[in-house]
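Here is the structure we will look at, set down as structure tokens.
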Amino acid sequence: MELRFLGTGGAWGLPEHTCPCATCRTMRAKGQTRTRTCLWFQTPQAGILIDPGPDLRAQLMREDLPKPDAVLISHEHGDHFLGLDELLCFRRAVPGEGWSPIPVYATADTWKFVEERFGYLIPHTLEKRVCVPGEPLQGPPFGPDLVCRPVKTDHGPFPKGSVGYVFDLTTTLGSLRVGYTGDLVRTEDPDAFSGIDHLVCQCAFLNEPAENRANHLSLQAAVPLLQHWKPGSVYFVHFTCQDIRPDDDIGNATIKQRAAKEPLCEPDGKMLPIPLDQESWQQTIEDVLGRAGLDCTAFAAFDGQWVELD
């Protein structure tokens with residue numbers, strides 16, 4: 001069983017083109033890149049693609065991935081579904097009689113937007129399947145040994161169809177629970193992600209913004225959720241460069257920057273530095289979760305990372 005992080009960046013990826021902020025400057029200098037968040041979950045039963053965003057073609061080619069057995073979309077923002085057209089490559093490469101449409105799951109509210117944009121792919125390339133929060137997904141590849149339930153999440157007033165997903169798997173080694181929060185600030189069910197063995201969690205900012213207009217989860221706001229959920233391991237994704245950094249006047253002048261409500265601090269009261277790259281995000285996550293008493297294994301996931309799940 002394997003989880004591949006095809007992309008781990010926010011809606012515009014990192015570094016953002018022409019962005020002068022310290023994070024984007026540092027990542028360019030180090031050759032680090034985060035494409036839009038997208039996952040491949042390989043189970044004994046199926047290969048599942050989650051949130052196929054605009055970078056999907058390059059991600060599929062980089063990892064040399066096969067046709068997915070199912071596609072899950074968390075919500076109707078473009079960075080989570082605009083790569084659907086790239087799935088035509090699989091249909092174009094086989095004889096007509098050898099093709100079967102790819103099942104795609106999303107809520108009814110999300111499908112209103114997806115179908116308006118990609119209706120021409122249905123039903124020959126993609127098979128539309130509507131999911132209902134709290135109810136197991138229906139149809140192959142899902143069944144008794146691979147159960148997946150959408151979790152209703154709050155990602156603000158616009159994406160009314162926003163959900164995360166929880167997988168319950170039965171293997172020869174026992175049972176396993178894997179969760180993906182998608183984009184959110186909270187869930188309707190506070191226990192929806194409890195008891196997860198491996199959790200993929202959004203982390204758009206380090207500090208909770210004074211005004212969270214994007215309705216994304218910060219690392220700061222994720223801590224109490226993780227204390228309640230108690231996952232075995234957590235992988236953070238969807239990183240952005242929107243935290244205000246005190247010594248970055250050029251970056252702070254851009255319209256995307258968000259001032260912190262009450263920034264995270266070191267034990268001595270000094271403001272915690274804003275992470276600039278993969279290494280500093282990893283260290284910051286370990287420090288913040290450690291001080292919060294969380295003993296789960298925690299990672300700043302990166303593009304191309306493969307994780308064996310057990």
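Points worth noting:
- Residue match in segment 132-153 (condition: more than 28 Å from T172 (Cα to Cα), assigned to a loop (DSSP other than H, G, I, E, B) and either without any contact (Cβ under 8 Å) to a residue 40 or more places away in the chain or open to solvent by 50 Å² or more (accessible area, probe 1.4 Å) (or both)): yes
- Residue in segment 27-43 that is open to solvent by less than 10 Å² (accessible area, probe 1.4 Å), touching a strand residue (DSSP E or B) at 6+ places or on another chain (Cβ under 9 Å) and of a type in the set (D, E, K, R) present: no
- Close pairs from segment 294-307: first at negative phi, partner part of a loop (DSSP other than H, G, I, E, B) and modelled with pLDDT under 95, Cβ under 9 Å, at least 6 apart: none
- Residue list for segment 161-188, restricted to those being over 15 Å from the mean Cα position of the chain (by Cα), modelled with pLDDT under 95 and charged (D, E, K, R): E188
- For segment 180-205, the candidate set comprises residues that are touching a strand residue (DSSP E or B) at 6+ places or on another chain (Cβ under 6 Å) and acidic (D, E); within that set, the residue that is surrounded by the fewest Cβ atoms within 10 Å (Cβ to Cβ) is E188.
- In the set I250, I255, only one residue is of a type in the set (A, V, I, L, M, F, W, C) and assigned to a loop (DSSP other than H, G, I, E, B); that residue is I255.
- Spans of strands (runs of 3 or more DSSP E) in segment 1-112 with at least 1 residues over 30 Å from P157 (Cβ atoms): 2-7, 38-42, 47-50, 102-106
- Whichever residue in segment 181-198 is in contact (Cβ under 8 Å) with a residue 40 or more places away in the chain and in contact with a Phe, Trp or Tyr (Cβ under 8 Å, 6 or more places away or on another chain) and, among such residues, is farthest from A301 (Cα to Cα): F193
- Subset of segment 177-228 [acidic (D, E) and over 20 Å from G134 (Cα atoms)]: E208, E211
- Selection of segment 154-174 for residues being part of a strand (DSSP E or B) and farther than 13 Å from V185 by Cα yields Y165, V166, F167, D168, L169, T170, T171, G174.
- Segment 50-65: number of residues that are open to solvent by less than 10 Å² (accessible area, probe 1.4 Å) and in contact with a helix residue (DSSP H, G or I) (Cβ under 8 Å, 6 or more places away or on another chain): 4
- Selected residue (criterion: most open to solvent (accessible area, probe 1.4 Å)) from residues of segment 206-218 that are of a type in the set (A, V, I, L, M) and over 20 Å from Y165 (Cα atoms): A210
- Of all residues in segment 219-246 being closer than 18 Å to K256 by Cβ and open to solvent by 10 Å² or more (accessible area, probe 1.4 Å), the one that is nearest to the chain's Cα centre (by Cα): T240
- Some residue of segment 9-19 being open to solvent by less than 30 Å² (accessible area, probe 1.4 Å), touching a Pro at 6+ places or on another chain (Cβ under 7 Å) and in contact (Cβ under 8 Å) with a residue 12 or more places away in the chain: no
- Output for segment 154-179, where each listed residue is under 18 Å from P209 (Cβ atoms) and open to solvent by 10 Å² or more (accessible area, probe 1.4 Å): D154, G156, P157, F158
The values are calculated or read from the model by the stated rules, or taken from the named source; none is laboratory data. Keep in mind it's a predicted model, so treat the numbers as computed, not measured. Because the Cβ atoms are built from the backbone with ideal geometry, glycine has one as well, and the counts that use them run over all protein chains shown. Note: areas computed on protein heavy atoms with side chains; ligands, DNA, RNA excluded. Shrake-Rupley method; radii C 1.70, N 1.55, O 1.52, S 1.80 Å.
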